[in-house]
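One structure is given below, encoded as structure tokens.
The values are calculated or read from the model by the stated rules, or taken from the named source; none is laboratory data. Note that this is a predicted model, so its numbers are computed, not measured. Quick reminder, even Gly has a Cβ in these numbers, built from the backbone with ideal geometry, and neighbours come from all protein chains shown.
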């Protein structure tokens, strides 16, 4: 395997990592700040992709679809928060898990009632459909670079929002001492709804960005949810910075491992075994990584000070 | 006295006949059929289009299988082996069915087939191509309206043999993925550039695509059903690989997924037993009526469902409506004398179709939207690789 290919695979890994960050950013916000385990995050991701597919079919424009994703995913998030989570804030995590697991089933069946069981179409936006040659002789899809851009932008927006604005200050205060901030006259209920809506928006945005490259179908969020949880557990629950770092580490680890391991194993084992066992072990790599991180740092790489 | 009684009986039978419409020899007055499909869950789409084909055939038969009143029951395996078992049990014990059609996935078939066959219920697979039931475990009560798992990749291997050099193989890391690869290499004898087994359910293929581009193979063959295939083809196109390395598939591109692919499927070549462009009257009628009923183009899976109902009809007619005469039903079904949209076919000793396989290609239609055309007939009367292991003869 040439150096060039290793470099290209590393870029692939970073790109995959930033994509993971897009998915896990909203999850870590909601879990870290609101202390709510939201299994429905994957369902919100899926809804984002379905909305995107529908909006693009209506308007033919990826950009307008993006503008419409903002209100639609936020409103959906707020409805979910008001109907299912609000009564459960003071309850055990287990109750939240049950309720939001129910939401997964609800949405997975719901999209089939509304859109049918067929996978939905979603073209790559024309503007980003081409390729650029970052490495000689290896054209790279522009849309993948666009994903990196959007992911980094999201990281910057969250950082600015939480660290530099008044709302962010209230959110941080609410996360560290709910009773106190309520005593000081802040409407914590509104604050929670706001954070959940924000999380839903990031999930919807991730769905929009994923729709042109993966299959828009019922259950598409389930696998993503697992990866997102691995990311926030490694990064430290509630830490956006941790989520970004962990995402990129996992992305590179996963992609480079996946592409190198079967080849490396061929040097030691017979071809037959290497071809089958290689990918099997490679698919376990990130969980092994998670176990390793938790062994040395049970709070994750960047333990959030709050919560 | 005796003659009088007989006359009365005959008169009675004559009077009954217009009321029930059944031939007087029938012991059971109705045919009971079950469709046991994988209808819900993420992969429910495959079961749904099989069921649609099956129900279209029921329409064409006037709602009567073998001319008898027909009770039709639908059950959902949810594509889970354990649920499939329960539902099969219900169909046999509660609904007392004579026939069951359906089953999308091999693992579900493996879980349910024994219940049906042990209870002498005819089971017609409308998809699942588990090879064990083609070989050692072939059974007088089991028929296939589809194919054996290896058949379609064998056709793709044959189509590429001598046409391309240096093929890269890409399949999910599970039993069917390995079956597909071995089926392909049974007929493709050229050089293999490399083989990648990826994780079942994988949705991001950029790493594999980089690897493939660096290896510069002459062509690609992949088996990636469902969401995996849709993601793979989209990303393949986005990476611009389709311009230099043609991609050949099995069970990825069909009318089922064409809308989801959009234009990114154009240029894709794949094998199938069904030639949608065939102008044989059965096929034209099938496509027209399917479009009329469901508002979309039928898929190859719909053909499999459609033929299963026709086979049941054939069997019941051959037994002249006597549903306890299993030998006559079987003998009728074995003739495969139905108006299948796929054209004529025969059954092999293991009850797998001996049928043609076609190389098909996705092209831009007149309206610019992708459509499927047939390039050539790869196999005529292809027999699956397992029939020699089946001890059944007839």
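Yes or no: residue A:26 within 14 Å of another protein chain (Cβ to nearest Cβ), over 20 Å from residue A:124 (Cα atoms) and part of a helix (DSSP H, G or I)? It is false that residue A:26 is within 14 Å of another protein chain (Cβ to nearest Cβ), over 20 Å from residue A:124 (Cα atoms) and part of a helix (DSSP H, G or I). Inspection of the stretch B:350-365 identifies at least one residue that is modelled with pLDDT under 95 and either closer than 24 Å to residue B:137 by Cβ or not in a strand (DSSP E or B) (or both). Against the conditions (1) more than 9 Å from chain A (Cβ to nearest Cβ); (2) surrounded by fewer than 20 Cβ atoms within 10 Å (Cβ to Cβ); (3) closer than 20 Å to residue A:9 by Cα, where does residue B:233 fall short? Just the number, please. The single condition residue B:233 does not satisfy is (2). Can you spot a residue in the stretch A:264-273 that is under 20 Å from residue A:246 (Cα atoms) and out of contact with any helix residue (DSSP H, G or I) (no Cβ under 9 Å at 6 or more places or on another chain)? The answer is no, given that none of the residues of the stretch A:264-273 is under 20 Å from residue A:246 (Cα atoms) and out of contact with any helix residue (DSSP H, G or I) (no Cβ under 9 Å at 6 or more places or on another chain).
To keep it simple, each residue is scored yes or no on (1) under 15 Å from the mean Cα position of the chain (by Cα); (2) free of Cβ contacts under 8 Å to residues at least 24 places away in the same chain.
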residue: A:16; (1), (2): yes, no
residue: A:20; (1), (2): yes, no
residue: A:39; (1), (2): yes, no
residue: A:90; (1), (2): no, yes
residue: A:99; (1), (2): no, yes
residue: A:107; (1), (2): no, no
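Considering the stretch B:261-275, and only residues there that are surrounded by fewer than 20 Cβ atoms within 10 Å (Cβ to Cβ) and within 12 Å of another protein chain (Cβ to nearest Cβ), the residue that is farthest from residue A:210 (Cα to Cα) turns out to be B:263.
Could you tell me whether residue B:258 is more than 30 Å from residue B:207 (Cβ to Cβ), in contact (Cβ under 8 Å) with a residue 40 or more places away in the chain and either surrounded by 21 or more Cβ atoms within 10 Å (Cβ to Cβ) or within 14 Å of chain A (Cβ to nearest Cβ) (or both)? It is false that residue B:258 is more than 30 Å from residue B:207 (Cβ to Cβ), in contact (Cβ under 8 Å) with a residue 40 or more places away in the chain and either surrounded by 21 or more Cβ atoms within 10 Å (Cβ to Cβ) or within 14 Å of chain A (Cβ to nearest Cβ) (or both).
Counting only residues that are modelled with pLDDT under 90 and within 30 Å of residue A:117 (Cβ to Cβ), how many does the stretch A:223-257 have? Residues meeting the conditions: 1. Right, residue A:45: modelled with pLDDT of 95 or more, surrounded by 14 or more Cβ atoms within 10 Å (Cβ to Cβ) and within 14 Å of chain B (Cβ to nearest Cβ) or not? Judged against the criteria, residue A:45 is a match. A single entry from B:153, B:225 fulfils the requirement of being within 14 Å of another protein chain (Cβ to nearest Cβ) and within 29 Å of residue B:296 (Cα to Cα): B:225.
Restricting attention to the stretch A:225-240, does a residue exist that is within 12 Å of chain B (Cβ to nearest Cβ), farther than 30 Å from residue A:110 by Cβ, touching a residue at least 12 places away in the same chain (Cβ under 8 Å) and surrounded by fewer than 23 Cβ atoms within 10 Å (Cβ to Cβ)? No - not one qualifying residue is present in the stretch A:225-240. Within the stretch A:125-137, none of the residues are buried (at least 22 other Cβ atoms within 10 Å of the Cβ), touching a strand residue (DSSP E or B) at 6+ places or on another chain (Cβ under 8 Å) and within 14 Å of chain B (Cβ to nearest Cβ). Counting just the residues of the stretch B:203-224 that are out of contact with any helix residue (DSSP H, G or I) (no Cβ under 8 Å at 6 or more places or on another chain) and assigned to a loop (DSSP other than H, G, I, E, B), which one comes out surrounded by the fewest Cβ atoms within 10 Å (Cβ to Cβ)? Looking at the filtered set, the residue picked out is B:216.
Could you list, in sequence order, all residues of the stretch A:5-20 that are touching a helix residue (DSSP H, G or I) at 6+ places or on another chain (Cβ under 9 Å), more than 8 Å from every other protein chain (Cβ to nearest Cβ) and more than 22 Å from residue A:223 (Cα to Cα)? Correct list: A:6, A:10, A:11. Entry remark, the stretch A:91-114: residues being out of contact with any helix residue (DSSP H, G or I) (no Cβ under 6 Å at 6 or more places or on another chain) and more than 10 Å from chain B (Cβ to nearest Cβ) number 14 in total.
Listed here are the residues, each with its yes/no results for (1) crowded, with 24+ Cβ neighbours inside 10 Å; (2) touching a strand residue (DSSP E or B) at 6+ places or on another chain (Cβ under 8 Å).
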site	(1), (2)
B:100	yes, yes
B:108	yes, no
B:120	no, no
B:138	no, no
B:146	yes, yes
B:150	yes, no
B:158	no, yes
B:166	no, yes
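Are there strands (runs of 3 or more DSSP E) fully within the stretch B:43-140 with at least 1 residues that are over 29 Å from residue B:272 (Cα atoms) and either out of contact with any helix residue (DSSP H, G or I) (no Cβ under 9 Å at 6 or more places or on another chain) or within 14 Å of chain A (Cβ to nearest Cβ) (or both)? List them. I'd like the intermediate steps shown before the answer.
Details: elements: B:68-76, B:99-102, B:122-125.
It comes to B:68-76.
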